[in-house]
1. For the range 73-112, what does the relative contact order come out to in percent, with C-alpha contacts under 8 Å and a separation of six or more?
2. Calculate the length of the line joining the C-alpha centroid of the range 117-175 to that of the range 48-90, in whole Å.
3. Over the range 71-167, what is the relative contact order in percent, taking alpha-carbon pairs closer than 8 angstrom and at least six residues apart?
4. In sequence order, what are the phi-derived ³J(HN,Hα) couplings for the range 68-82 according to the Karplus relation 6.51 cos²θ - 1.76 cosθ + 1.60 with θ = phi - 60°, rounded to whole Hz, with x for glycine and proline?
5. Taking a probe of 1.4 angstrom, what is the accessible area of Phe110 in Å², to the nearest 10?
6. At 1.4 Å probe size, put Ser51, Ser179 in order of accessible surface, largest to smallest.
7. Give me the extension gain from Phe57 to Thr140: residue separation times 0.36 nm, minus the current Cα-Cα distance, reported in nm with one decimal.
8. In sequence order, what are the phi-derived ³J(HN,Hα) couplings for the range 172-178 according to the Karplus relation 6.51 cos²θ - 1.76 cosθ + 1.60 with θ = phi - 60°, rounded to whole Hz, with x for glycine and proline?
Amino acid sequence: MQKYSISNVKRALDFYKFVKNHYWNLRSLIRKYRLVLRFIFIFLGSYFLFSSLYNGFLILYDTENPVPDPITQLVARQSGTLMQEFGYDNVEVVMHYTGLSMKLMVDDYFLAGIVEGCNSASIIILFSSFILAFFGKTVTTLLYLFVGSVIIYVINILRIVILAVGIYEYPQYSGFMHSIFFPLAIYGTVFILWLIWVRIYSRWNRK
């Protein structure tokens, strides 16, 4: 009985040492990489939250008779208005018969189908999640979020308009413009905005 008790105590001490050593190792790792872990946690948490809210918003329009969500409709109509400003008079923006997209046409010529993925909302969510992961001074961070989101939104509308004009005037280059140039333009804008913010954020940390 005594041997059995001593053996249990020894095992308990060994287990305690094991847990203690690993606890301190884990604690030191967390302390060492706390900024990386903070970034990952906030970025993924923000992205999941915003995406869930946005998907919940989209579900409201996913009915038996679906219609494009209001953001997509707004982007399509503003793109049509901007094309008119560029001198294209016979511009039409109508809902596709399936209710899943908006058709942008000039002189009854179909140029682009504007779907939910074209409204820049998902890209703005990605941009905002990154900025929040490097949250700095409250007013400056929120202002940058707003200005950056507006820039992305405007660049996206310009992208749609230039793409539509390009298809209308130079249809032979439509594949290149849609698949390579314009995705590069919108994501390049986001990347530049990220770099600017990281530079601002790093300056705060040096003070």
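The values are calculated or read from the model by the stated rules, or taken from the named source; none is laboratory data. Here the structure is a predicted model, which means the values were calculated and not measured. SASA here: full protein model, heavy atoms, side chains in, ligands and nucleic acids out. Shrake-Rupley method; radii C 1.70, N 1.55, O 1.52, S 1.80 Å.
1. Relative contact order comes out at 31 percent.
2. After rounding, the separation between the Cα centres reads 14 Å.
3. Reported relative contact order: 27 percent.
4. Computed from phi, the couplings for the range 68-82 are x, 5, x, 5, 5, 5, 5, 4, 5, 5, 5, 5, x, 4, 5 Hz.
5. Phe110 has an accessible surface of roughly 100 Å² with all protein chains in place.
6. Descending order: Ser179, Ser51.
7. In short, 27.1 nm is gained.
8. 5, 9, 4, x, 5, 5, 6
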